[in-house]
1. Being under 19 Å from GLY48 (Cα atoms) and among the small types (Gly, Ala, Ser) is the filter; apply it to region 75-100 and report the residue that is surrounded by the most Cβ atoms within 10 Å (Cβ to Cβ).
2. Which count do you get for residues in region 4-27 that are of a type in the set (S, T, N, Q) and either under 14 Å from ALA78 (Cα atoms) or assigned to a helix (DSSP H, G or I) (or both)?
3. Among what's in region 1-20 and is modelled with pLDDT under 95 and among the polar types (S, T, N, Q), pick the residue that is farthest from GLY84 (Cα to Cα).
4. Please work out which one of (1) farther than 24 Å from LEU21 by Cβ; (2) in contact (Cβ under 8 Å) with a residue 24 or more places away in the chain is the condition ALA57 fails and give its number.
5. May I ask you to list the residues in region 1-59 that are surrounded by 14 or more Cβ atoms within 10 Å (Cβ to Cβ) and aromatic (Phe, Trp, Tyr)?
6. Determine whether LEU46 is in contact with a Ser or Thr (Cβ under 6 Å, 6 or more places away or on another chain), farther than 18 Å from PHE88 by Cβ and not basic (Lys, Arg).
7. Only residues that are crowded, with 17+ Cβ neighbours inside 10 Å and either under 20 Å from LEU23 (Cα atoms) or without any contact (Cβ under 8 Å) to a residue 12 or more places away in the chain (or both): list them for region 61-74, please.
8. Are any residues in region 3-53 acidic (Asp, Glu) and in contact (Cβ under 8 Å) with a residue 12 or more places away in the chain, and if so, which ones?
Amino acid sequence: MLKTSLDRLRIVGMMEGASFLLLLGVAMPLKYLAGMPQMVRVVGMLHGILFMLYVAAVFQASVELRWPLRRLVAALAASVLPFGPFVFDAHLRRERAAEG
């Protein structure tokens, strides 16, 4: 399942995107509305680790698949936008389906 750099990127992207939404949608409101900063520490650390793994996976896929600079920048930009990794993954899936 995780044999290719693209497969690894897609899986890590899904986890990173979910952790970002969890951080923004659950942990931060709990911190600021309910006075519970613990969730931000836990989810924030998890998201930070997944973010670094995502960036590493993007660079690995970029090198192996010889992506143009534009795609590399798009993949990295996706990581800082809510729902960005999901949109980028959908683009990759459509492209892969068109190829094969």
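The values are calculated or read from the model by the stated rules, or taken from the named source; none is laboratory data. Keep in mind that what you see is a predicted model, and the values were worked out from it rather than measured. Note: ideal-geometry Cβ built from the backbone for every residue, glycine included; neighbour counts use all protein chains shown.
1. Among those that are under 19 Å from GLY48 (Cα atoms) and among the small types (Gly, Ala, Ser), it is ALA75.
2. Count: 2.
3. Only one residue fits best here, namely THR4.
4. (1) is the only condition that ALA57 fails.
5. PHE20, PHE51, TYR54, PHE59
6. Answer is yes for this residue.
7. Within region 61-74, just ARG71 meets the criteria.
8. Answer for region 3-53, where residues must be acidic (Asp, Glu) and in contact (Cβ under 8 Å) with a residue 12 or more places away in the chain: just GLU16.
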